[in-house]
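Quick notes on the structure that follows.
The values are calculated or read from the model by the stated rules, or taken from the named source; none is laboratory data. Computed from a predicted structure; not experimentally measured. We place every Cβ from the backbone using ideal geometry, glycine too, and count neighbours over all the protein chains shown. Just the protein is used for accessible areas: all its heavy atoms, side chains included, with ligands, DNA and RNA removed. Shrake-Rupley method; radii C 1.70, N 1.55, O 1.52, S 1.80 Å.
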Amino acid sequence: MARRYDPERQQRIIDAAIRVVGEKGIAGLSHRTVAAEADVPLGSTTYHFKTLDDLLVAALRQANEGFAKVIASRGGLEDPETDLAAELAGWMGEWLAGDRTGVELEYELYLAALRRPALRPVAAEWAQDLADRLSHCTDPVTARALVALMDGICLQVLLTEAPYDEGYACDVLRRMIP
């Protein structure tokens, strides 16, 4: 029997894993649930991703792209006259105003690194990439503090289901920027 060439299969598996985690949480993720969701043979999931951690790493990398796309679409960091606090508050507002399930999924995968060491480097990459982007506008220590503050604000919005208050976020961020 000839192998069927399917160049999109690995991506479909990642997309299916994201959907499974979005619907059932990380506890509901298995090679079997992902294979069923992706409509691929079980062996395909284990061929492309030997472990669930490998699959979660790929899913987290893809999920991290959501916030990166918001940042890239706004382009405010290139302008030295940009009000950095307003730009960051706008980023969070745009991100949180999107698909809430997607934002929750990104944080669930991000926080899964607490229990799954294989995810830690990917979670750290996201925070470091954002801090590196901000370091062009401020010093590296302040950039890292801004990332931590933004994380805290986003988590509070998600956990309390309170509406995002861009004015509050801008005010708090402005207090940290020299």
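Conditions (1) in contact with a Gly (Cβ under 9 Å, 6 or more places away or on another chain); (2) buried (at least 17 other Cβ atoms within 10 Å of the Cβ), marked per residue:
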{"site": "Val20", "(1), (2)": "yes, yes"}
{"site": "Gly25", "(1), (2)": "no, no"}
{"site": "Leu29", "(1), (2)": "no, yes"}
{"site": "Ala35", "(1), (2)": "yes, yes"}
{"site": "Phe49", "(1), (2)": "no, yes"}
{"site": "Ala72", "(1), (2)": "no, no"}
{"site": "Ala85", "(1), (2)": "no, yes"}
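Since Val40 meets every condition but one in (1) open to solvent by less than 70 Å² (accessible area, probe 1.4 Å); (2) among the hydrophobic types (A, V, I, L, M, F, W, C); (3) assigned to a helix (DSSP H, G or I), which condition does it not meet?
(3)
Return only the number of the condition from (1) of a type outside the set (Lys, Arg); (2) under 11 Å from the mean Cα position of the chain (by Cα); (3) surrounded by fewer than 19 Cβ atoms within 10 Å (Cβ to Cβ) that Ala63 does not satisfy.
For Ala63, the failing item is (3).
Here is a list of conditions, (1) in contact with a helix residue (DSSP H, G or I) (Cβ under 6 Å, 6 or more places away or on another chain); (2) part of a helix (DSSP H, G or I), and Glu65 meets all of them except one; can you say which number that is?
Just one mismatch for Glu65, condition (1).
For a quick check of your reading of the model, give me the residue pairs whose first member lies in region 54-83 and is closer than 14 Å to His136 by Cβ, whose second is open to solvent by less than 30 Å² (accessible area, probe 1.4 Å) and hydrophobic (A, V, I, L, M, F, W, C), with beta-carbon atoms closer than 7 Å and at least 6 apart or on different chains.
Close Cβ pairs satisfying both conditions: Ile71/Trp91.
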